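Quick notes on the structure that follows.
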Amino acid sequence: MNTFVFLLLETMAENKLTEALKKRILILDGAMGTMIQRYKLEEDDFRKGWFENHDKPLKGNNDLLVLTRPEIIKEIHAAYFDAGADIVETNTFSGTTIAQADYGLEDYVYDINFQGAKLAREVADEFTAKNPDKPRFVAGSIGPTNRTASISPDVNDPGFRNTNYDLLVEAYELQTKALIEGGCDILLVETVFDTLNAKAALFAIQNVYEKMNVSLPIMVSGTITDASGRTLTGQTTEAFLISIQHAPLLSVGLNCALGAEDMKPYLKIMAEESEFLVSAHPNAGLPNEFGAYDESPEMMAGYVEEFLKEGYLNIVGGCCGTTPDHIKAIAEVAKKYEPREILNFERI
């Protein structure tokens with residue numbers, strides 16, 4: 001795409017996003033993995049047209065479906081837009097060379113992220129064309145990888161690390177470049193359990209912005225892992241916020257690990273102390289003994305409404321266990337409330 005045209009489209013999308021955020025609470029989509037499970041896919045679905053001769057099992061590597069079963073991913077994006085989502089996330093949560101190394105697919109990371117963004121962009125544009133008064137947006141999903149730079153995976157060797165900051169930056173730069181070139185409006189660094197990993201992602205994003213002369217809004221979403229109110233690497237909500245607030249962020253928030261009811265006290269801290277917009281996409285409760293999520297759409301929407309009554313949020317959606325039905329229920333509730341006020345919106 002011509003650089004001037006790219007920059008023009010980027011500016012137009014960001015302006016529409018900012019205007020929408022000033023007016024109302026925006027709705028993020030729900031779980032991608034939960035929806036993919038409904039298709040009961042087999043090994044061949046993860047190989048089709050791309051990886052028939054690959055020497056490792058690929059079933060469960062959901063990011064590959066943007067290449068091998070793109071029609072499924074587009075159906076899921078469309079289902080969330082139909083349910084009322086303003087923003088859908090790309091199916092690229094594990095789209096780094098670090099995460100894909102487990103499958104021997106490092107060489108396909110650019111393709112995964114570019115095509116993941118392209119598919120979401122196509123569906124978003126279709127829905128925007130149907131209703132220009134409700135523009136739809138694409139957030140490039142950047143996951144934490146399956147490694148941590150802050151703690152050792154070996155209890156007998158506390159000083160050992162299976163990755164480092166420089167390797168993470170390199171991996172995130174490739175992912176970021178592909179997501180931007182595929183057509184994302186926003187970049188979402190999510191499910192942050194190790195803030196050092198997130199810092200590497202933010203540094204990588206800024207590097208790519210400088211090289212490409214672009215600047216998309218950035219969302220960051222951490223995850224509180226248990227009732228202690230801390231991330232996996234031991235940070236409190238306040239510490240997590242302080243660690244990332246140097247970056248030019250659109251929003252900070254929390255997702256995963258907890259259901260909406262348990263997330264409330266930590267979102268309260270975010271809302272009281274953050275100078276950015278605040279987001280939340282909790283799980284549909286906590287997993288049961290079979291690993292499933294039992295919270296109904298109505299139940300979850302009731303818990304989310306407690307956040308909205310208190311004025312905590314600007315963006316809300318769902319994580320593990322959530323479906324278009326959950327997002328529809330949340331969207332209906334969100335219509336009744338004003339977005340969280342932010343004194344210095346022009347800084348965003």
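R0 = 22 Å: FRET efficiency of GLU306 with LYS22, Cβ-based, nearest 0.05?
Working from the Cβ atoms, E equals 0.40.
How big is the stretch 3-347 along each principal axis, measuring the range of its Cα positions in Å and listing the largest first?
53, 52, 45
Note the full-extension length gain between GLU273 and ASN156 as 0.36 nm times their separation in residues minus their Cα-Cα distance, in nm to one decimal.
38.3 nm
Run the quick spin-label model on LEU286 and HIS54: label points 7 Å from Cα toward the beta carbon, then report their separation in nm to one decimal.
So the two model labels end up 3.5 nm from each other.
GLN37 versus GLU341, label points 7 Å from Cα toward the beta carbon: distance in nm?
4.2
Return an integer: the convex hull volume of the alpha-carbon atoms of the stretch 280-323, in Å³ per residue.
Given the Cα convex hull of the stretch 280-323, per-residue volume reads 60 Å³.
Before rounding to the nearest 500, sum -39500 (n - 2.57) across all DSSP H runs of length at least 4 in the chain and divide by the residue total; then give [θ] at 222 nm in deg cm²/dmol.
It comes out at -14000 deg cm²/dmol, rounded to the nearest 500.
First select every other residue whose beta carbon is under 12 angstrom from the beta carbon of TYR172; then total the charges, Lys and Arg +1, Asp and Glu -1.
Computed value for this residue: -1.
Running a GNM on the chain with Cα contacts under 10 Å, which residue among PHE203, PHE51, PHE81 ends up with the highest mean-square fluctuation?
Fluctuation is largest for PHE51.
Can you give the FRET efficiency for ASP82 and ASP102, using 1/(1 + (r/R0)^6), R0 = 30 Å, r = Cβ-Cβ distance, to the nearest 0.05?
Calculated transfer efficiency: 0.35.
We did not get these values from a lab; they are worked out from the coordinates using the rules stated. No experiment lies behind these values; they were computed from the predicted model shown. So basically every Cβ, Gly included, is an ideal-geometry build from the backbone, and we count neighbours across all protein chains shown.
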